[in-house]
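To start, the structure under review is shown below, and the notes come after it.
The values are calculated or read from the model by the stated rules, or taken from the named source; none is laboratory data. Values in this document were obtained by computation on a predicted structure and should not be read as measured data. In this analysis, Cβ positions are derived from the backbone assuming ideal geometry, glycine residues included, and neighbour counts consider all displayed protein chains.
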Amino acid sequence: MLTSNGGKIIMSESNLLKVSGLDKVYDIKKLMMPTLKLKALTNIHFHVDRKETLGIVGESGCGKSTLAKVLTKLEARTNGNIELIGKPFDSFTGAEFHSAIQMVFQDPYQSLNPRKKAIDIIADPLVINTQKSSAEIKDLVLEMMKKVGLREEFATRYPHHFSGGQRQRLGIARALMLQPEILILDEPVSALDVSIQAQVLNLLLELQKEFSLAYLFISHDLSVIQHMSDRIMVMYLGRVVEYGTRDQIFNNPLHPYTKILLESAPQTNRRENSEHITVKGELPSALNLPVGCAFEPRCPYAQESCKKSVPLLEIKQGREVACFVAQ
Amino acid sequence: MLSIHVSKSRTKMNDTLLNVENLNIFFKSDKNPEPIHAVRDLSFSLKQGEMLGVVGESGSGKSITNLALMGILGDSAIIKAQECTFNNKNLLNLSEKEWQKVRGGEISMIFQDPMTALNPFLTVEFQLVETILAHIDCSKKEARERAIDLLSQVGITSPADRLKAYPFELSGGMAQRVMIAMAISTSPKLLIADEPTTALDVTIQKQILMLIKSLQIKNNMSVILVTHDLGVVSEFSERVQVMYAGEIVETAETKKLITYPHHPYTYGLLSSRPGAIETKPKSELPSIPGIVPAFHHRPAGCQFNPRCTNAQNDCLNQTIIIENGLRCLHPMAEK
């Protein structure tokens, strides 16, 4: 059996983003109490290439949003190496960094300043990070609005004039203004109505082709992840439990958690005879993790060995899995 | 398992529990002299022990309808209907005192976000016992015992300890279980579940939906399951009605509707779900253009015509009536 020391799956030279051994630990301080360590991310390895989408799935508390925050420097990491476009993460200046990696947020109702006009919201990244004249900026903004499907006359409107889908288009336009290489999409369609979701997903696919973007697509919705991703990373309580290509994960999931996640998602075209498997219990607290595998208390396949030590990622059937039981 | 089978055979599906004919809901507003017509000509019925799925996007009127059935719409609402009977009672003429018996007693409701539906200042025990005492004639001690029993029925481990917990000490799934315990504490005939799992993770969503389903069968309770997710209704409800802009556009047995959606809106909703039809990964998804019209800018004719691919001239100006569960002049062809 091959072990994956340091996440060494086959990596090309041109990794746009390469993360290895990433940890994030929060100190929980309470008055008169010993400081508690909350391990939000433990030993995360992955890479993203140009024009590629890496899907990140997991339930609340699995660390997917913490990962997005660390990668956008909204939070500092505790340990680990991150390389962005071949350079160390910490060597970037502000403006350089912002034109490499940008983020689109989940809730388009809260992530746009209600007191600014659309044109100013989209122009902000350019105003802050470049020396361009205001006439130049205006042209660039109007061009970008057209690309994301917003009409020119919307430029002087305020966020409350827009529908949810249009607001998310605004958020996407803002993220693209500095021509980033990587876009982190944190649940970009989960706040939208079903009929609007497809419109925004189509726009994201179009933009990816046009600008050769790499996406880190975070979502809890498996059907969306399946449609959008080339490769998928499944997370549970701060650790990666399975990491492989879309077809490996969806057609032949190996980790029990991945299996249960796929099984739990409501489907319109479920096979007649497929059984309803439900997982018992809920996520344990990240402050009080089990000694062994974090999924062991809920896992229907758990064995004695699962309680004793944490399974590390190993290559099984061509993808990485962290499970003693999976073969 | 046995008890479920026994009560299933006892289930009488023929008794109509709720019958709504031509329900219209208007809202008075300061800005508009004309009241806003939020729900139009809604007719449906529900049998004892049946689960009805209601699917629609925001602004489709699904929540307003439920609030009307619970009698909690407030003074700005004008409710008109040809008929609105529940368990042989006319819901339109109930006095506030009679409503208090029905609401929370015979009709219960669980809401989307359990964390905001529970009072954060009061323990689970206080909230649960209060509900029981309001509807059932029993002592406080009996109510407490009933509360413990209910919590174990909804799958909460060590229920006696959990009674002392405050809502913030519960996880989202656990809080929703408490809400369900509260809703079934008065053995209601009808449970309205308004997006009960939207705020929850998928594995927990499945647990909660299975719980509602098992209670429906065990207690022979009728359930209205409101959701925006066609996947949820297709797995759990026998019948489904699709709402759009305040109207029912299509209603049918769930399996039929999912296999042969006739209304272009239903078809659009189904096919814009990634993975619902055979789509190549990263290919363009079929999508419904445009957005749901606002309440005060409703189009003439068919409400869906500005976004519809099948729309023709006759869709533009006449009111379309619902016939055989379908409100459409040019439905999708059956494949």
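The table that follows gives values for the structure above.
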item: Some residue of the range A:242-256 being closer than 20 Å to residue A:61 by Cα and within 14 Å of chain B (Cβ to nearest Cβ); result: yes
item: Selection count where residues are assigned to a strand (DSSP E or B) and either over 17 Å from the mean Cα position of the chain (by Cα) or within 23 Å of residue A:280 (Cα to Cα) (or both), scope the range B:174-224; result: 1
item: Residue that is modelled with the highest pLDDT [pool: residues in the range B:223-237 that are away from every other protein chain (no Cβ under 11 Å) and in contact with a helix residue (DSSP H, G or I) (Cβ under 6 Å, 6 or more places away or on another chain)]; result: B:223
item: Pairs with Cβ under 6 Å, 6+ apart, first in the range A:44-66 and under 22 Å from residue A:259 (Cα atoms), second β-branched (Val, Ile, Thr) and in a loop (DSSP other than H, G, I, E, B); result: none
item: Residues being hydrophobic (A, V, I, L, M, F, W, C), within 19 Å of residue A:193 (Cβ to Cβ) and buried (at least 21 other Cβ atoms within 10 Å of the Cβ) - total across the range B:186-199; result: 0
item: Pairs with Cβ under 8 Å, 6+ apart, first in the range A:173-188 and free of Cβ contacts under 8 Å to residues at least 40 places away in the same chain, second buried (at least 22 other Cβ atoms within 10 Å of the Cβ); result: none
item: Residue match in the range B:240-258 (condition: more than 19 Å from residue B:44 (Cα to Cα) and within 11 Å of chain A (Cβ to nearest Cβ)); result: yes
item: Residue in the range A:37-50 that is among the acidic types (Asp, Glu), over 21 Å from residue A:283 (Cβ atoms) and either touching a helix residue (DSSP H, G or I) at 6+ places or on another chain (Cβ under 9 Å) or away from every other protein chain (no Cβ under 14 Å) (or both) present; result: yes
item: Test for residue B:241: is it buried (at least 22 other Cβ atoms within 10 Å of the Cβ), not β-branched (Val, Ile, Thr) and not in a helix (DSSP H, G or I); result: yes
item: Strands (runs of 3 or more DSSP E) enclosed by the range B:27-111 - at least 3 residues per element that are among the small types (Gly, Ala, Ser); result: B:36-47
item: Every residue from the range B:209-222 that is touching a Lys or Arg at 6+ places or on another chain (Cβ under 8 Å) and either basic (Lys, Arg) or more than 10 Å from every other protein chain (Cβ to nearest Cβ) (or both); result: B:217, B:220, B:221, B:222
item: Of all residues in the range A:17-36 being touching a residue at least 24 places away in the same chain (Cβ under 8 Å) and surrounded by fewer than 21 Cβ atoms within 10 Å (Cβ to Cβ), the one that is nearest to residue A:99 (Cα to Cα); result: A:18
item: Close pairs from the range A:279-296: first within 21 Å of residue B:209 (Cα to Cα), partner assigned to a loop (DSSP other than H, G, I, E, B), Cβ under 6 Å, at least 6 apart; result: A:282/B:171; A:283/A:61
item: Filter result (in contact with a helix residue (DSSP H, G or I) (Cβ under 7 Å, 6 or more places away or on another chain), more than 13 Å from residue B:50 (Cβ to Cβ) and at pLDDT below 90) within the range B:4-32; result: B:4, B:7, B:32
item: Boolean, residue B:168 is of a type in the set (Phe, Trp, Tyr), out of contact with any Phe, Trp or Tyr (no Cβ under 6 Å at 6 or more places or on another chain) and closer than 25 Å to residue B:258 by Cβ; result: no
item: Single condition residue B:300 does not satisfy, out of (1) crowded, with 17+ Cβ neighbours inside 10 Å; (2) of a type in the set (Gly, Ala, Ser); (3) free of Cβ contacts under 8 Å to residues at least 24 places away in the same chain; (4) away from every other protein chain (no Cβ under 12 Å); result: (1)
item: Residue in the range B:61-80 that is under 26 Å from residue B:218 (Cβ atoms), without any contact (Cβ under 8 Å) to a residue 60 or more places away in the chain, of a type outside the set (S, T, N, Q) and surrounded by fewer than 19 Cβ atoms within 10 Å (Cβ to Cβ) present; result: no
item: Filtered residues of the range A:258-267 (kept if more than 9 Å from chain B (Cβ to nearest Cβ) and surrounded by 24 or more Cβ atoms within 10 Å (Cβ to Cβ)); result: A:258
item: Those helices (runs of 4 or more DSSP H) lying entirely in the range A:215-327 with at least 1 residues within 29 Å of residue A:198 (Cα to Cα) and touching a strand residue (DSSP E or B) at 6+ places or on another chain (Cβ under 8 Å); result: A:222-228, A:246-251, A:256-264
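Results for (1) of a type in the set (Ser, Thr, Tyr); (2) within 14 Å of chain B (Cβ to nearest Cβ); (3) out of contact with any Lys or Arg (no Cβ under 7 Å at 6 or more places or on another chain), shown as yes or no for each residue.
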position: A:134; (1), (2), (3): yes, no, yes
position: A:143; (1), (2), (3): no, no, yes
position: A:160; (1), (2), (3): no, yes, yes
position: A:221; (1), (2), (3): no, yes, yes
position: A:226; (1), (2), (3): no, yes, no
position: A:232; (1), (2), (3): no, yes, no
